[in-house]
Structures are given as C-alpha cells and as structure tokens.
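Nothing in this text is a laboratory measurement; each read-out follows from the coordinates by a stated rule. Computed from a prediction, not measured in an experiment: that's the story for all the values here. Here the Cβ positions follow ideal geometry from the backbone for every residue, glycine too, while neighbour counts run over all protein chains shown.
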Amino acid sequence: MDTLGCLMYPCFLDLEYPMEDVEKYKLGNPRTFHYLNQSHCYELDGVDNSKEYLATRKAMDVVGISSDEQDAIFRVVAAILHLGNVEFTKGKEIDSSEPKDDKSRFHLTTAAELFMCDENSLEDSLCKRVIVTRDETITKWIDPESAALSRDALAKIVYSRLFDWLVNKINNSIGQDPDSKNLIGVLDIYGFESFKTNSFEQFCINLTNEKLQQHFNQHVFKMEQEEYTKEEIDWSYIEFIDNQDILDLLEKKPGGIIALLDEACMFPRSTHETFAQKLYQTFKDHKRFSKPKLSRSDFTICHYAGDVTYQTELFLDKNKDYVVAEHQALLSASTCSFVSGLFPPLAEESSKSSKFSSIGARFKQQLQALLETLSATQPHYIRCVKPNNLLKPAIFENNNILQQLRCGGVMEAIRISCAGYPTRKTFDDFLRRFGILAPDVLNGSYDEVTACKMLLEKVNLEGYQIGKTKVFLRAGQMAELDGFRTEVLGRSASIIQRTVRSYLGRKNFILLRLSAIQIQALCRGQVARHRYESMRREAASVRIQKHCRMYLARNAYKNLCSSAISLQSGMHGMAARNELKLKKQRRAAIIIQAAKETGALQAAKNMLEKQVEELTWRLQLEKRMRSDLEEAKTQENTKLQSALEDIQFQFQETKTLLIKEREAVKIAAEQAPIVQEVPVIDHEIVNKLTAENEQLKALVNSLEKKIDETERKFEETNKISEERLKLALDAETKIIELKTAMQRLEEKLSDMETEDQILRQQALLNSPVRKMSEHLAIPTPLENGHREPQSAAPAKKFGTESFRRSQIERQHESVDALIKCVTQDLGFSEGKPVGAFTVYKCLLHWRSFEAERTSVFDRLIQLIGSAIENQDDNDHMAYWLTNTSTLLFLLQRSLKASSGTVARKPPTPTSLFGRMTQGFRSSANLSVSPIDIVRHVEAKYPALLFKQQLIAYVEKMYGIIRDNVKKDLSPLLSSCIQAPRTSRGSVLKSSGRSSSNSPQASPWNSIIDSLNGLLCTLKENFVPPVFVQKIFSQIFSYINVQLFNSLLLRRECCTFSNGEYVKSGLAELELWCGQATEEFAGSSWDELKHLRQAVGFLVIHQKSRISYDDITNDLCPVLSVQQLYRICTLYWDDNYNTRSVSSDVISSMSILMTEDSDNDDGNSFLLDDNSSIPFAVDDISGSLEEKHFTDVKPPAEILENPAFQFLQD
C-alpha cells in the first residue's frame, strides 16, 4: 500500500487548496491519511499544489474527460483515502472484527457515501467472507488482521481499475488507430534498482532490465554482423556478455523463481520463510544465486549490472492478485454509474469464488508482449545518465557515471562497435569528401573501388576494409583523414585569399586616384566662383545697409520725438488734474477718519485707564495684606524664637546645675573619711530629687513639642506667603501688560493727532489753489494703496473700465503669489532671511507704505499669526522671529518722521499714474540709505500700525521661545537640587570635586544639552545676537531664581554636599558660557550671582570663624540680610558635621532684620523671576546695523512670475 500511497499522493496534495473540493470530499491534512503519511513527504520544493491541481483539471478537459467524470474520479480516489483510515478491532463474537472507534466509523461512512453504496454492505464485505459449497452458502467472520488485508485489497483493485480506465480514456482521446500497421513508441525505463531494502517491485524492474539488456546486446551484435556479411569483408566473431542464464534463473518454467513464487502463493500455509528455503534448496548450486550469511529469508542474484539482495517478506502478498466476490458485487451495485462501470458483472462461475491470479505471471506476459513489439520495430536507444547524487548542476562524478554506463551496457556496446569498423562511408561520399587529398586520382579514369584504394594508400592508412559499396575504417582513422583534409583546405584558402585581395586592392586604388583628380578639379573651380560671387555681394550689401540704416534711424527718431512729446503733455496734464482732485478728497477723508479713530482710541484709553486703576488698587491691597502678613509672621517668629531661646537657656541652666551637683557629690564622696557603713536613708531628699528630675523631663518634652509646632506653623506660613506672592506676581504681570497696551494706544493716538495736525497745515497751505472741476469723480481705492481716477465724462477718462479691472486683478494675484511664497520655508541667503527681504522689496515697489488704505498689511499679519500657532516648535518660532525682526528693522529704517519735511513737500500721490509721474520726475534724486536696499518713504497710518503689530509679534515670539526653554528646564532644575546624597557623593568622589568628569546621567548634562540645542537652533535660523543674548540672560536668571529659592525654602537642600553638587554644575555652566562666546552668551553668567555666592558660602569650611562683615563684604555682597540669615539657620553639614556661623553673627543678622522690617515693606528673602521683554526696537536696529541685503537672492519660484521681475533689479 506504500506504492498506492505514493501514486495517490500528488493528486491529493493538489486537493488541499480548493476549499470547496476539500469540504465536498471531507478531506483534511494529508498527514492524517494512512495511505499518504507512510513516506513522511508532503511538500515538494518548487511545486505549487494549487497550480498543479488546476493544471490537472485543465489536462482532463483537454483529453475529453467531462466534468461529471472528473468529479467521479476524485470521488473514487477520496473514497480510497477514507477507506485506508478505517481500522478494525475484535468484535463481540469469536474471530470477528468491527470498526475500531467513531473515527473509523466516520471514514467508513464517508467512503460508502463517496462510492454511493450501502454502508452496512461495505462493512460486511470487509469483515465477513462468504463460502459457497455445493449444498449451502456459509458467511464467516474474519479477524481484524484479515479485515485490514481485505480493506487494502479493495483499495488496490479500485485504484487499479481506475488507473486502467484513465489509460484507455487517454489512448482513445489521442486518436490511436488499433488497425495501424506502423507504430512509433517510446519506452521509458530508468534502469536497475538496488536499494537497502529490495522487494518484489525491484525484482520485477530488474527482470525487465535483464530482458531489455539482452535485446540490446543482440540488436547491436546483429546489426554489426549483418553489415559485415552484406559488404563481404573479412571479420572475426566478437565476444559479448550473454545474460541468458540469469533470465533462466528468474523466469524459466517450471524451475524459475517466478514459477516457485506462484507455486508458493497457491498454498495457504506458505510463508516467506518456506519460500526462501525452497529457493535455497533449488538454486544452491547456481552460480548467479547466493544466500546471505546473516539472513534466513533473503537471497542475492548476480545481475549483469551487479549483485542485488532481495528480502522475501512481502513477495507472497505482493504476488497475489485476486478479486473478492463480495467487493465485486458491492461496487457493481453502486448507484454511481462511473463506479459500477469500473466493476462490470462477472460470469456466473467466476463470481461464485475468488479466482487467483499471479502478478508475476501477468508481468511476464506483459514483458513478453513488449519484447515482441520491440523485435518487430527498428529500435533506437537513448541512455540517460545522472551526473551526481546531489541533484545539482555543473557537478560530474566520474566513478558514478562510469558505473551507470557499465550497468546500462553502453560500455559493452562501445566495445563491440570498436572491435570492428565503427566508421563506414559509401564510395561516392568518401571520394566527394576526401578527393582533394589525391586530385590525380580523381582526374584519372578509375572506378570508385580503385580510386578509394589509391587514395587510402597515398595517405598511408592501414587496417581498413573495402566492401562492396562502402569503405570501412578503424577507430580514429576518420579523424586522421579529416586532419589531412583540413590542412589541404587551409593552404588552398590562403592562396586564394592572397590573389583575390591583390586584385581587388589594385583595382580600388586606380579608381580612387582617377576619382580624386576629377573631384579636385571641380571643387577648385567651384570654390573660386563662390569666392568671387561672395565678394561682389558683400560690397553691394554694405551699400544697401548704409542707406537702410540711415532711413530707419531717421524715422525712429522722428516717431520717438513725437510720441514723447504727446505722452509727456498728456501725463503732465493728467497728473496735475489728479493731484488737485486728490488733495481735496484726501483732506476731507482724513478729517473724517481721524475724528472716528480718535474717538475710538480715546474710549479704549479710558477703559484701559479704569482697568489699570482697578488693578493698581488691587495690587496695593495685596501688597498691604502681604506686608501685614509678613509683619505678623515676623513678630510671631520673633516671639517664638525668644520663647525658644528662653526655654533653651533654662534647660541649659538646669543641666549645668545638675552637672555641678553631681560633681560636688563626687568630690564630697572622695574627700569624706572612710567610716563604718551606717544604714541611714533620707527618703525626703530622694523623693524631692526624683520629683525635680521628672519636672525637668516634662519641661524638656514640652519644649520639644513647642519647637516642632513652631516649625510646622513656620512652614505653613511660608507656603501661604508663596501662594500670595505668586498671585501678586501675576497681578503685577497683568498690570505691566495693561500699561504696555495703554502706552501703545497713547502712541497711536499721538500719531493720529500728529497726522491730523499735518493734514490741517497742508489744507491751510493749499487753500489758494484753484478749485477742482466738478466733472472729476471720487477715486476708487485699490489694493496696496493704489487709486484709480474715475470721471463722469468719457473724454476725461484715462483708460477704460476693463483696464482698471485688469489692474485690480493683477494686484490681487501679485499679493496672493507673495503670500503663498512666504508661507513656505524660504530659508536664508548669506545669513539673511529671504522671506523678509522679499516682502520688504514688494511693499517698497508697490508703495504700500505710502498708501492711505491697503489690505496687504492685514494679510501679512494674519500670515505671521497663523504661522506661529504651533508654539512648541522652537525651530519654527526662531525662523519666524528672524524674518519678523528683519522686516521690522527694514521698516524702521525706511519710515521718515512725518513732522519736519512733510509740510514743505506736496503729499505723495496715491493714484497709479500720479506716482508714476512723480517717479519720472524724482527718479534721479532718490535718497538711498547707507543700508543698500533701504529707501526712506513717507509712511501713512497703515504702515505705522503694521510696524506696531510687528513689534508685538516679535515680543510674542521671543516670549514663546523663552517660556518653552523654561518649561523644558523646570524638571531638570528640580533634579539638580533634589539629587540623592548617594549619587552626589559618588559624583564628587569620581570627579575629584570638579565638574570636568560629571556622569552623563547628571541633570546638569541634560541642561547643557538643552542649552546647546537652543543655541544651535538660533544659529541655524540666524536669530539676531541681541535676542540670543537676552534669551540666555533670562534663562540663566530663571536658573538662578529656581535653584536659589530651593536652597532657601528646603532645609535638606541647604547642605554641604548639595553645595558641592550645585557648584560642579555651575562650573559646567561657566564652561558653556566660555564656549558659546560673549556674542551669544552675553552677560548670562552674571545672572547666577545669587546662586554662586550662596553655593560658595555652603561649601566653605570653618564657617564659625567667619564674621558678619566678611560675609557681607567678601563672600556674599549681593545677598540680603534675610537671605543670609535663612541660609545660616538652615545650613547643616551631612559630610563633615561642621557647624554653621557663630551665634553672634546670627544675632547680628536678627537685629538687622528687625530694623529692616521696620524701615522696608518688602523684606521677603525669595527672588522673583523676570518675565518682561528686555529689549527695544533700537536694540534690534543696532544688532542688524552692519548687515547688507544687496546679496540676498529672491526665491526662484517667485521670480518665474512676470509680476515680480523687479526683484532681480
């Protein structure tokens, strides 16, 4: 059944993939089927089972198998698989059998459904046998082993019938004619098989190879013999190996191995051992048969290819081939026409009993029919050789290949062929090929036989034979003749090539020489003619050009003069009319607008003043409450401190008295004379001393409780003070913001009043001018401050309505293109922002600074506001801070003071053609600032408002970057001041109390990394140095405030080891300031003066010897008395247990603190963080004063727009 499983395996691996077929046939994993899991090989490399299944289906369609027949085929094979999984166990009766379990019952039911037969009948055919006698029919149970054999027999016969049906179907479909007399067939057989275990299959295959080898040897020898006899040449008999004795051993009747095997299968009690003993007795003297020494049932046959040892265990079972009548009847009665067709009804006599037939006998018959077919045909042999056992390309195992050639008889066939005359040619072919070796022989009148003999004698060949029609040559003589022929042909070809090349070369040379002479003559004549003609045309062209240029220049000059005169007269007139009209309209509009805006600003100012007053009142109230609270707290602390000191003093006095009494008692005891002990006890004195001792202990306990309660109240008071301080700081910040906003409103109001005054002066100066015509209409404002005049009369209109609309659309498109370009990150050119430069050049070119009304500023402000919405990205904020500050700097340098020179000059025209006319007049007198592209302009209100908005955004972006850095540093600063003592000690020991080798995990390193990252970001975005200095100054001030306040508020932080730890971090910050250079760090190091002096005091030794003057003048001149007192009282040494300053110094500080609290309201010892904006617009101008913008390149994408070509100038 292993062979059956191997045959079914490829088909049913293909059935894995189509799920509908798997469910239809109730299949599963191939590992679960008994007929498939014997070889333990379920997958093949490079084979896709799903594709193979589809290819099988397609092949069935091609050969004409219908879909119903295909379904029936797969049903039968699936039923065989399920049948193989049916296992049997002992039944209830003696020697009976039944399905083993529910799983076997399921497979039996599935097989019956697929066979379309009765389940009970199928079970009976497997578990029972019917014995037919003359008188009756007996039904006999069979044991489980016999049932399993019956199951396998049924599977074999069904699969055999199915295979025969497929072969017949394919043969019929390819159109094979059974009556045909001609036959072309292919016989494919691998060769001899010799495995570790050789059974009946290898025996049959090797028998086939023996028969085919005998046929091959006889065929080769026969062909050679017939050829030599036909040609009547002298030849001797050639010996070859004859394997007839092996064939007699295998198949001769009645004493061959197959005959003995059939005989053994006839007897029911025969076993493989009895069969082997029969073979040993029969062939013990046969030279081709032998018995292995260590086996009782194996035998060895010496085949022509080598010795093969066969195992007889399964010979009897595999040789039996019989059809059980119950199986025949069961499948014949199937409702499936395909299954019943595989098992047609048998004759009556054959159906009554099981008829035995031998596989070996059938195999011999088929083999004999094959040999008869081969003998009736003209065979041609193709020997296939396996180059290596690794199944890999380009590897040849010589010994293995040679062994295959010997086993296949190829070496013997070559020996037979080479022993005679392997090369033979007809006389005509021989002379036609080798006649050039003896040309005189061909030229003579010799017959073919004589000519061949003379030719062979001339080349000195020996051992050849001349037949009737052919020349027979020994091995190697044909190659020798071919060598002579190749040599003759080579010499002849060289002579022919030499002659032909000489002839062709001479002929080509003569032709080339004649052609060159003719071409040279023609070319020289043509060149001379062309040269003369070009000289003549050149002279004529010069004369024509002279007259034409003179005529064109005269006409162009006349046209230009007339056009310029007409254009200038028209533009001068139009400009004058527009200026008169515009002055009147502007005066009226400005008066109205100034009145409206003045009222609105005044109302906003009043409201802000009220808010400021209210907040100021609240702040004063908070300060008053805070001062009262501080005063009450100070008084309470003073009282508690004095009470504590009194109690401590009483405790010390009591303790001193006890010590003195103990010493006096000890001295008295030493001085007293030794007397006889008298038992005298004064109970009254003992009780009195005991009572005093208890009172002292109670007093000490009460003092300790009061000290703890005082400290707790002090901490609660500090916490409340901090909260109120925070609220007060927030109120102060809000007041500062409101004051700033009010100051800006006052500036705007003053600007409006100034502009209103200027306009009134202009109106007074221009009042004598002649009145404007009533036909002039109100100008229409456009974008960017442009105004286009509109006239009621068509004769007064310059241009048409479509022209004005096209101008408006182009202006809108230009602004949109600018906004779209600036929205992107344009980067920097030569360290200067491209975006700010581009915006400034466009505003300057459009004269937007001089416009009364424009929306471009609002759009730019909206762009900046939307760009900085993501406040967490410092890189993005730095980029926009650089662009905004640069644009503010350029705008600041361009705007003139509008109070001095405006009165002496007429206002700048706001219309398009008005500004064009003024540009023609004053283009030669433009005042250029020392800063290359900057040009002074007369700014109007929109430009001034735009400037204020830019200042606000610069301050906002600066504050965002600063606050982001503070937010990042806050947890790190907490780690710096809260680092565990153990880590500090290890850091100090490993670093030798220096900051040069601090560990990477230290928060100080994280702070340095954060500062380096911020500095790199600011440098990459070319932020002005004034901003960088201010940012780092405020960051260092923040570090100073946080760490200093932590030292003063927490006693566990005010220690010697913490001072050394913070000192090492300050050394790293000092090193960073030196590396960052003063250009960027500025005075940042000076912001840490409070912390530096406090830490210096903590780490100094022998504090008790330091006086108050030394502390205030040398060590900590910046710190206040309250701060010094706080540090001195909180200090404790966790390393060396050193004492703080002396009590005299602390008492001096307490006295000074009391005096200060009487004279000064703000006596808090904590520092406040400064969150104000520490720069002005002039600081930005000073930082950017040295930059030149002439080398800034505008973005390439905006230069592609024709409307922005002015950026290239």
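Order these peptides, 1030-1041, 43-54, by their mean beta-carbon neighbour count within 10 angstrom, highest first.
Details: 1030-1041: 21.9, 43-54: 12.0.
In descending order of packing, they fall as 1030-1041, 43-54.
What chymotrypsin sites (Phe, Trp or Tyr not before Pro) in segment 1071-1171 are in a loop by DSSP, with at most 15 other Cβ atoms within 10 Å of the Cβ? Intermediate results must be reported in sequence, preceding the final value.
Details: sites: Trp1072, Phe1080, Trp1085, Phe1097, Tyr1108, Tyr1125, Tyr1131, Trp1132, Tyr1136, Phe1165; in loops: Tyr1131, Tyr1136, Phe1165.
Passing both the DSSP loop test and the Cβ count: Tyr1136.
At q = 0.10, 0.24 Å⁻¹, what log₁₀ I(q)/I(0) does segment 120-212 have when each alpha carbon counts as one equal point scatterer in the Debye sum?
-0.59, -1.19
Dividing the Cα radius of gyration by the Kirkwood radius, what Rg/Rh value follows for segment 10-174? Don't skip to the answer; put the middle values down first.
Details: Rg = 18.1 Å, Rh = 17.6 Å.
Reported Rg/Rh (Cα atoms, Kirkwood Rh): 1.03.
In nm, give the distance between the simple-model label positions of Ala589 and Glu43, each being 7 Å from the Cα along the Cα-to-Cβ direction.
8.4
Please go through segment 100-138 and write out the GluC sites (Glu not before Pro) that DSSP classes as loop and that have at most 14 other C-beta atoms within 10 Å. Write down the numbers at each step before the final one.
Numbers: sites: Glu113, Glu119, Glu123, Glu136; in loops: Glu136.
For GluC sites (Glu not before Pro) across segment 100-138 that sit outside H, G, I, E and B with at most 14 neighbouring Cβ atoms in 10 Å, the list reads Glu136.
Report, in whole Å, the centroid distance computed from the Cα atoms of segment 357-380 and segment 519-596.
Answer, in whole Å: 111.
Which order, highest average first, do 391-400, 463-472 follow once you tally other Cβ atoms within 10 Å for each residue and take the mean per peptide? The partial results should precede the final answer.
Numbers: 391-400: 9.1, 463-472: 17.3.
So the order, starting with the most tightly packed, is 463-472, 391-400.
Label points 7 Å out from Cα along the Cβ direction at Asp61 and Asp875: separation in nm?
6.0
How would segment 80-236 be classified by its alpha-carbon gyration tensor: rounded, prolate or oblate, with rounded meaning a/c under 1.5 and the a/b versus b/c comparison settling the rest? If you can, show how the numbers build up before the last one.
On the way: a/c = 3.13, a/b = 2.46, b/c = 1.28.
Prolate, since a/c reaches 1.5 and a/b exceeds b/c.
Please compute, for the alpha-carbon atoms of segment 616-655, the extent along each of the three principal axes and give them in descending order in Å.
Projected onto the principal axes, the Cα atoms of segment 616-655 cover 56, 7, 5 Å.
So what's the gap between the Cα centers of segment 620-637 and segment 1079-1108, to the nearest angstrom?
Value for the Cα centre distance between the two parts: 30 Å.
Taking the simple approach of a point 7 Å from Cα along Cα-to-Cβ for both Arg501 and Asp242, what is their distance in nm?
It is 6.5 nm.
Hey, got a sec? Which GluC sites (Glu not before Pro) in segment 808-900 land in a DSSP loop and have at most 10 other Cβ atoms within 10 Å?
Values: sites: Glu809, Glu813, Glu830, Glu850, Glu852, Glu869; in loops: Glu830, Glu852, Glu869.
The qualifying sites are Glu869.
Hey, if you put +1 on the Cβ of every Lys and Arg and -1 on every Asp and Glu Cβ in segment 1025-1183, which of Thr1129, Cys1116, Trp1072 ends up farthest toward the positive end of that dipole?
Thr1129
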